[in-house]
1. Which of the numbered conditions does residue 79 fail, given that it passes all the others? Conditions: (1) in contact (Cβ under 8 Å) with a residue 40 or more places away in the chain; (2) crowded, with 20+ Cβ neighbours inside 10 Å; (3) under 13 Å from the mean Cα position of the chain (by Cα); (4) in a helix (DSSP H, G or I).
2. I'd like to know if segment 171-185 contains one or more residues that are in contact with a helix residue (DSSP H, G or I) (Cβ under 7 Å, 6 or more places away or on another chain), under 23 Å from residue 65 (Cα atoms) and free of Cβ contacts under 8 Å to residues at least 40 places away in the same chain.
3. If you check residue 5 against the conditions, is it more than 25 Å from residue 184 (Cβ to Cβ), modelled with pLDDT of 95 or more and in a loop (DSSP other than H, G, I, E, B)?
4. If I filter segment 196-226 down to residues being within 23 Å of residue 50 (Cβ to Cβ) and touching a residue at least 60 places away in the same chain (Cβ under 8 Å), which single residue comes out as nearest to the chain's Cα centre (by Cα)?
5. Can you name every residue in segment 83-96 that is surrounded by fewer than 20 Cβ atoms within 10 Å (Cβ to Cβ) and part of a loop (DSSP other than H, G, I, E, B)?
6. Only one of 99, 16 is assigned to a strand (DSSP E or B), in contact with a strand residue (DSSP E or B) (Cβ under 8 Å, 6 or more places away or on another chain) and under 26 Å from residue 223 (Cα atoms). Can you tell me which?
7. Does residue 167 fit the bill of being in contact with a helix residue (DSSP H, G or I) (Cβ under 9 Å, 6 or more places away or on another chain) and either in a loop (DSSP other than H, G, I, E, B) or without any contact (Cβ under 8 Å) to a residue 60 or more places away in the chain (or both)?
8. Looking at this structure, is residue 153 touching a helix residue (DSSP H, G or I) at 6+ places or on another chain (Cβ under 7 Å), over 26 Å from residue 24 (Cα atoms) and at pLDDT 95 or above?
């Protein structure tokens, strides 16, 4: 684990920006990154002057999902539990969270988007729920993703791991707005949020996220257990090893 900070928190006016900055592993959800991300969201919420939190990234990848170098060598039970806690933190945060992305989003990164209230995707954005290709399943992130997207699209992308673009992500409900100028769209949305009362934001967010909060409470712990069991399986070990070795897994036709 590196001592370098992987997630930055900056505040300008009433907007706090949380930036993923771990380019060496494409902002993968390492233990350190998940812990720092949780801390940065809580710190932003503790600032009475902040009205909106923006989640963004450096580089061409927003988040590549689990850190497979960690997952292939140690138990994932604590990591899965920490990821669930992070998703719950975002969903239950008193402030609206806007994801501003313009890059690749894979696996666990999709779960982060599901937890956010609003998602703006730029033209370089691509998406894929790739767990099934590695002998895994999108278990923990399902609690924030399934309430957002339609059932037919969920079945297609959970089962195949196929990639899709920002326009498709908007069509199925994962993304709020696909825009060629994500920064302009972000400025418009933050200005709109600045006109709403603090109490109105808190209670409106709770109402809008009702189904996500219910999914976390109903299925979250079971999905943590499933995730840990799958990561410990021989088939997942083969899938992760094949990915890290840049070769097809043995089940590929």
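1. Going through the list (1) in contact (Cβ under 8 Å) with a residue 40 or more places away in the chain; (2) crowded, with 20+ Cβ neighbours inside 10 Å; (3) under 13 Å from the mean Cα position of the chain (by Cα); (4) in a helix (DSSP H, G or I), residue 79 breaks only (3).
2. Within segment 171-185, one or more residues are in contact with a helix residue (DSSP H, G or I) (Cβ under 7 Å, 6 or more places away or on another chain), under 23 Å from residue 65 (Cα atoms) and free of Cβ contacts under 8 Å to residues at least 40 places away in the same chain.
3. yes
4. 212
5. Answer for segment 83-96, where residues must be surrounded by fewer than 20 Cβ atoms within 10 Å (Cβ to Cβ) and part of a loop (DSSP other than H, G, I, E, B): just 94.
6. The unique qualifying residue is 99.
7. Values: in contact with a helix residue (DSSP H, G or I) (Cβ under 9 Å, 6 or more places away or on another chain): no; either in a loop (DSSP other than H, G, I, E, B) or without any contact (Cβ under 8 Å) to a residue 60 or more places away in the chain (or both): yes.
Criteria not met by residue 167.
8. Yes: the conditions hold for residue 153.
The values are calculated or read from the model by the stated rules, or taken from the named source; none is laboratory data. Everything numeric in this text was worked out from a predicted model, so none of it was measured. Heads up, the Cβs are rebuilt from the backbone with ideal geometry, glycines too, and the neighbour counts pull from every protein chain shown.
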